[in-house]
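Asker: Quick one: this structure, given as structure tokens, is what I'll be asking you about.
The values are calculated or read from the model by the stated rules, or taken from the named source; none is laboratory data. Everything numeric here is computed off the predicted structure, so don't read it as measured data. Reconstructed Cβ throughout: ideal geometry from the backbone, glycine too, with neighbour counts over all protein chains shown. Accessible surface is based on the protein model in full, side chains and every heavy atom, while ligands, DNA and RNA are left aside. Shrake-Rupley method; radii C 1.70, N 1.55, O 1.52, S 1.80 Å.
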Amino acid sequence: MSNIYNESSNNSLEKMALNALDCTVLLRRQSEKFEIIHQIETWSNIVISKISAHKAVINDGCIFLNDFLIDAEMFWAKNQQGVLSSGFWTEQLANGKLMHFEALACVTEQQSLLIINNVQSVFAQQQKTLQIAREALISNEQLAQQVDNTHQYLNEIATNTDDMKKMLATIASTIEHATFGIMLLDKNLKPILQNPINYQLFQVNTKDQGQTETPLDVIFKLMKKQYPEHERIFEAASAWHGELYWLAAPYYVKWLKVSIYPIKGALGDVNHWVFYISDITRIKHLLEHNEQLAHYDSLTKLPNRQLFWNLLEQNCSQQPAFYLLYLDIDNFKFINESYGHAEGDELLITIAQRLQKMLKKEDIICRVGGDEFVILLRNIKEEDAKKHCLAIAQRILRKINEPYEVRHKDRIITTASIGIVHFPTDATDPDLLMKYSDLAAYNAKLTGKSNIKFYSQKLQQKTAQRIALENALREAIVNHEFSIVLQPMMDINTGKIIKAEALVRWLPPNAENNIMPNDFIPLAEDTGLIIPLGKLIFKQVCQCIQQLNQQGHPLTVSVNLSPKQIYDNSLSHFVYQMLNEYNIPPQQIEFEITESSLANDFDLVLATLLQLKKGGVNIAVDDFGTGYSSLAYLKRLPVDSLKIDRSFIKDIENDENDKAIVSAVIVMAHSLKLSVIAEGVENIAQLDFLSKMNCDIIQGYFFSKPLYLNNFISFIKKHNENLT
Amino acid sequence: MLGSSAVGKTSLVRHYVDGIFSEKYLTTLGVKIDKKQLTVKDKQFQFLLWDIEGTDQYAAFQPRYIRGASALILVTDCTRIQTYIDAVDIFKQARQLTDVPIVLVINKTDLNKHWQLEEQTLLDHQHDFIEVIYTSAKTGTSVEQLFQSIGEYFVKHL
Ligand SMILES: Nc1nc2c(ncn2[C@@H]2O[C@H](COP(=O)(O)OP(=O)(O)O)[C@@H](O)[C@H]2O)c(=O)[nH]1
Ligand SMILES: [Mg+2]
């Protein structure tokens with residue numbers, strides 16, 4: 001091998017091989033000077049100029065190749081075995097003809113070579129493939145854009161027109177001439193409007209005249225079969241996009257791209273649904289020319305949804321048991337929006353690579369949606385199988401949690417949720433397996449990010465309960481089923497009641513007992529219902545304060561703000577509008593924000609708080625000590641008081657640790673000129689200790705539980721009488 | 001010439017260099033370099049126009065190709081908003097590597113399906129470019145002016 005490129009080498013076989021490869025081979029002698037090992041007479045003069053019989057330089061006019069030499073020289077200088085490619089480039093000949101080349105810088109056996117390949121046929125072949133792929137990509141993109149524009153427009157009409165008749169008329173005329181199918185449905189999924197093309201899309205010219213299937217029937221039937229895991233979109237009121245394969249017997253094969261959106265009212269309740277349907281058969285057909293493009297996801301190179309479905313069906317028809325893991329990236333949308341799509345793509349590629357590396361070769365991994373992957377774990381040892389599966393899932397989550405370096409050298413952190421089903425224990429049919437795994441993943445996500453959930457029947461019941469509770473909560477907001485209770489706060493030094501915390505109770509009409517905030521506020525926060533609920537509560541608090549003022553008790557009332565409320569940019573405006581309406585001085589309001597909401601996006605929280613604070617309200621940090629807000633954070637925030645979390649107060653008489661923490665927090669807060677409130681004070685010993693430590697204000701059962709307004713007013717009256 | 005695929009990079013070069021336009025789309029692979037002489041205010045320029053394969057999910061952005069560039073022309077298609085989003089992305093990557101002048105081109109203005117870029121968004125990015133030019137490789141609108149403006153920039157700044 002060592003001297004095949006030597007001048008003396010006359011091995012005719014090698015010559016033949018080089019000729020067949022259609023390449024010119026140069027041996028680097030010194031910087032930018034080459035010895036000709038082999039050349040193709042018909043075209044080598046396009047890229048090189050001979051300076052003697054066996055010596056050459058790169059042709060001046062060949063700008064691309066000269067540019068590549070800079071990289072090549074650096075590569076040769078390292079003198080490490082390997083190949084560096086220039087990528088394809090094109091030269092136009094004097095007669096207009098185009099030629100395509102690729103240059104390779106190689107180091108073999110201590111020799112530096114420059115190989116120039118004529119890639120005419122490879123180029124043509126790749127161009128054909130890419131041409132198809134790109135045309136399909138662009139058609140898809142244009143289609144998505146049209147659907148998007150139309151939806152934005154319809155959504156605006158539907159949410160902003162109060163007059164139903166007028167709304168329908170406007171929508172009907174808008175969708176009449178659309179180039180894709182559009183259906184408007186009521187909230188019970190009954191069609192109200194469809195445009196002409198929608199009927200055409202679903203028209204089947206078979207001899208079977210008794211065709212009774214409506215377009216909607218067809219879509220539901222196909223969705224049920226092909227995307228069983230997404231059946232819950234109608235219960236959960238989420239948007240959905242997918243591609244349906246329609247085999248309308250016996251001659252029709254159609255690919256439909258379907259987008260479904262709920263149209264929501266102010267409370268997030270669904271008023272209508274819109275379906276957008278386009279025929280993408282042609283695009284699909286184009287892509288199917290290329291096996292690789294049709295069955296593999298072009299981004300991650302993993303099997304795509306279609307191939308996955310085949311594989312799943314195969315596996316379900318065989319006996320060996322397997323686990324199906326449905327993996328969903330938790331905050332992918334956020335990453336895409338805040339870092340850019342290219343970074344999002346890069347992240348997906350890396351995730352796919354990490355997953356692939358962790359799995360055995362008999363396992364299967366596919367990308368089945370934008371940020372969704374499915375893994376089939378096969379050949380798991382029967383003994384302790386579930387434990388093994390859990391261990392693997394945990395390993396996967398850990399791997400995904402590792403930081404990602406994307407192109408600007410940013411470090412992105414992301415997490416994923418995993419839902420798991422077992423074949424054949426949980427289900428034996430592919431549809432159900434997918435549906436259950438999605439349900440499990442959905443629940444994993446609800447329990448917080450980066451979680452794993454195995455499917456169980458209980459899980460299904462829980463999901464149904466949750467959806468029922470969400471609907472009840474939505475109605476409760478409409479029907480004003482909430483009331484406010486006030487828990488007094490006492491100044492330790494004077495014994496006076498100077499503040500009260502407003503808390504909410506939910507009393508459903510037929511229920512015997514109140515529902516406590518812990519049982520519905522987290523749900524409200526997850527679903528975004530906290531925004532209208534928070535406004536309702538605040539309004540009721542204002543009404544309470546107005547009454548207190550009228551009766552001569554102008555106390556400050558503190559109100560809790562959840563993280564979502566803090567991120568709602570209409571908050572400040574609403575607050576001051578209410579204060580104005582009820583004629584309440586801003587000093588009488590104190591907002592309590594939990595320490596953990598500071599951790600999310602400090603700058604955003606800071607901006608909101610500054611804006612609130614500008615109008616004159618007070619701000620307290622709640623649950624202090626449970627999160628990780630540092631002193632540095634507190635210094636920068638416009639905060640007036642700190643509430644020490646009840647968990648530190650509970651054992652304060654006995655627990656030396658708690659004692660030390662509480663006294664340190666009080667000293668620190670005072671040095672920042674913040675007043676300190678201790679909550680959950682239940683006995684005199686706790687009060688004594690807090691008083692000794694110079695705590696300013698206490699709140700707790702020792703003193704009073706939360707009271708309805710009338711009781712609260714009586715309580716203050718009695719308390720004040722006792723004081724004097 | 002940078003930008004997503006099918007925005008008209010090749011067409012702009014063809015129109016400028018050869019004065020021709022073709023409706024048929026033939027996707028570019030790798031690189032093709034064209035030469036063109038230009039005179040601005042008695043100064044002679046030799047433009048080497050690097051027509052580069054569009055960046056998309058089939059082809060990544062290649063830092064190597066812009067290494068020696070004196071100016072970058074970032075092309076978008078006014079009928080596809082996604083091409084503008086991609087352009088902002090390419091811009092960010094290119095700026096990490098070079099501070100040469102960049103011109104933003106909004107091509108295919110002969111078609112009337114314009115994306116609605118919020119005025120503000122474009123304004124926010126305006127100062128990133130030495131010029132924002134609306135062109136049509138089909139009718140030739142402002143194609144000459146595009147390259148002329150780069151020449152003028154060099155006359156003024158070099
Ligand atoms: N109507 C119109 N079509 C254009 C224009 N510029 C390019 N095209 C078409 O857009 C497609 C892609 O053009 P091409 O130059 O190959 O794009 P590239 O991938 O960016 O090089 C071709 O079908 C062109 O005919 C334009 O200004 N107006
Ligand atoms: Mg091109």
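Asker: Which ranges mark the strands (runs of 3 or more DSSP E) fully within the stretch A:326-442 that have 1 or more residues being under 26 Å from A:S456 (Cβ atoms) and open to solvent by 40 Å² or more (accessible area, probe 1.4 Å)?
Answerer: So the answer is A:372-378.
Asker: Can A:Q92 be described as open to solvent by 40 Å² or more (accessible area, probe 1.4 Å), in contact with a His (Cβ under 8 Å, 6 or more places away or on another chain) and modelled with pLDDT of 90 or more?
Answerer: No, not satisfied.
Asker: Take A:Q145 and decide whether it is within 14 Å of chain B (Cβ to nearest Cβ), in a helix (DSSP H, G or I) and modelled with pLDDT of 85 or more.
Answerer: When the stated conditions are applied, A:Q145 does not pass them.
Asker: Within the bounds of the stretch A:123-133, is there any residue that is of a type outside the set (S, T, N, Q) and exposed (fewer than 14 other Cβ atoms within 10 Å of the Cβ)?
Answerer: Yes, because at least one residue in the stretch A:123-133 is of a type outside the set (S, T, N, Q) and exposed (fewer than 14 other Cβ atoms within 10 Å of the Cβ).
Asker: Here is a list: A:R354, A:R411, A:R378, A:R367. Which entry is free of Cβ contacts under 8 Å to residues at least 40 places away in the same chain and charged (D, E, K, R)?
Answerer: Result: A:R411 is the single residue among A:R354, A:R411, A:R378, A:R367 that is free of Cβ contacts under 8 Å to residues at least 40 places away in the same chain and charged (D, E, K, R).
Asker: Specify which of the listed residues (B:V7, B:V13, B:V17) is of a type in the set (V, I, T), more than 26 Å from A:N66 (Cα to Cα) and within 16 Å of ligand 1 (Cβ to nearest atom).
Answerer: Checking each option against the conditions leaves just B:V7.
Asker: Report the residue count in the stretch A:63-97 for those that are on the phi < 0 side of the Ramachandran plot and either within 9 Å of chain B (Cβ to nearest Cβ) or in contact with a Ser or Thr (Cβ under 7 Å, 6 or more places away or on another chain) (or both).
Answerer: Here the count works out to 15.
Asker: When the residues of the stretch A:30-58 are filtered to those that are hydrophobic (A, V, I, L, M, F, W, C) and in a loop (DSSP other than H, G, I, E, B), which remaining residue is most open to solvent (accessible area, probe 1.4 Å)? Steps first, answer last, please.
Answerer: Filtering the stretch A:30-58 down to residues hydrophobic (A, V, I, L, M, F, W, C) leaves A:34, A:36-37, A:40, A:43, A:46-48, A:51, A:53, A:56-58.
Right, trim to in a loop (DSSP other than H, G, I, E, B) and you get A:40, A:43, A:51, A:53.
Values: A:I40: 18, A:W43: 6, A:I51: 98, A:A53: 72 Å².
Step by step, filter the stretch A:30-58, then rank; the result is A:I51.
Asker: Could you please find all residues in the stretch B:70-101 being at pLDDT below 90, hydroxyl-bearing (S, T, Y), within 11 Å of ligand 1 (Cβ to nearest atom) and under 19 Å from A:A342 (Cα atoms)?
Answerer: B:T83
Asker: Looking at (1) assigned to a helix (DSSP H, G or I); (2) assigned by TED's automatic domain parsing to the domain that holds A:W255, which is the one condition that is false for A:I182?
Answerer: For A:I182, the failing item is (1).
Asker: Filter the stretch B:15-34 down to the residues that are out of contact with any helix residue (DSSP H, G or I) (no Cβ under 6 Å at 6 or more places or on another chain), away from ligand 2 (no atom under 12 Å from the Cβ) and open to solvent by less than 60 Å² (accessible area, probe 1.4 Å) and list them by number.
Answerer: Of everything in the stretch B:15-34, those that are out of contact with any helix residue (DSSP H, G or I) (no Cβ under 6 Å at 6 or more places or on another chain), away from ligand 2 (no atom under 12 Å from the Cβ) and open to solvent by less than 60 Å² (accessible area, probe 1.4 Å) turn out to be B:V17, B:G19.
Each row is one residue, and each column tells you yes or no for (1) within 13 Å of ligand 2 (Cβ to nearest atom); (2) crowded, with 22+ Cβ neighbours inside 10 Å; (3) over 17 Å from A:T90 (Cβ atoms).
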site	(1), (2), (3)
B:G3	yes, yes, yes
B:T10	yes, yes, no
B:V13	yes, yes, no
B:K36	no, no, no
B:D42	no, no, yes
B:L49	yes, no, no
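Asker: Here is a further query. Helices (runs of 4 or more DSSP H) wholly in the stretch A:631-724 with at least 3 residues that are of a type outside the set (A, V, I, L, M) and over 27 Å from A:P586 (Cβ atoms) - which ones?
Answerer: Those helices (runs of 4 or more DSSP H) span A:646-649, A:656-671, A:684-692, A:709-723.
Asker: Same structure again: Please find, within the stretch B:22-48, the residue that is farthest from A:H341 (Cα to Cα) out of those that are assigned to a loop (DSSP other than H, G, I, E, B) and within 11 Å of ligand 1 (Cβ to nearest atom).
Answerer: By that ranking, first place goes to B:S22.
Asker: Also: Name the residue that is most open to solvent (accessible area, probe 1.4 Å), counting only residues in the stretch A:59-89 that are within 22 Å of B:W50 (Cα to Cα) and among the β-branched types (V, I, T).
Answerer: Top of the filtered list is A:I70.
Asker: Need pairs with beta-carbon distance below 8 Å; first residue free of Cβ contacts under 8 Å to residues at least 12 places away in the same chain and within the stretch A:318-340, second of a type in the set (K, R) and open to solvent by 50 Å² or more (accessible area, probe 1.4 Å); sequence gap 6+ or separate chains.
Answerer: A:G340/B:K92
Asker: Taking A:D71 and the conditions (1) assigned to a helix (DSSP H, G or I); (2) free of Cβ contacts under 8 Å to residues at least 12 places away in the same chain; (3) in contact with a helix residue (DSSP H, G or I) (Cβ under 9 Å, 6 or more places away or on another chain), which numbered condition does it fall short on, given that it satisfies the others?
Answerer: (2)
Asker: OK, next. So which of B:D110, B:D51 ends up being in contact with a Ser or Thr (Cβ under 6 Å, 6 or more places away or on another chain), assigned to a strand (DSSP E or B) and near ligand 1 (Cβ under 9 Å from one of its atoms)?
Answerer: Answer to the selection: B:D51.
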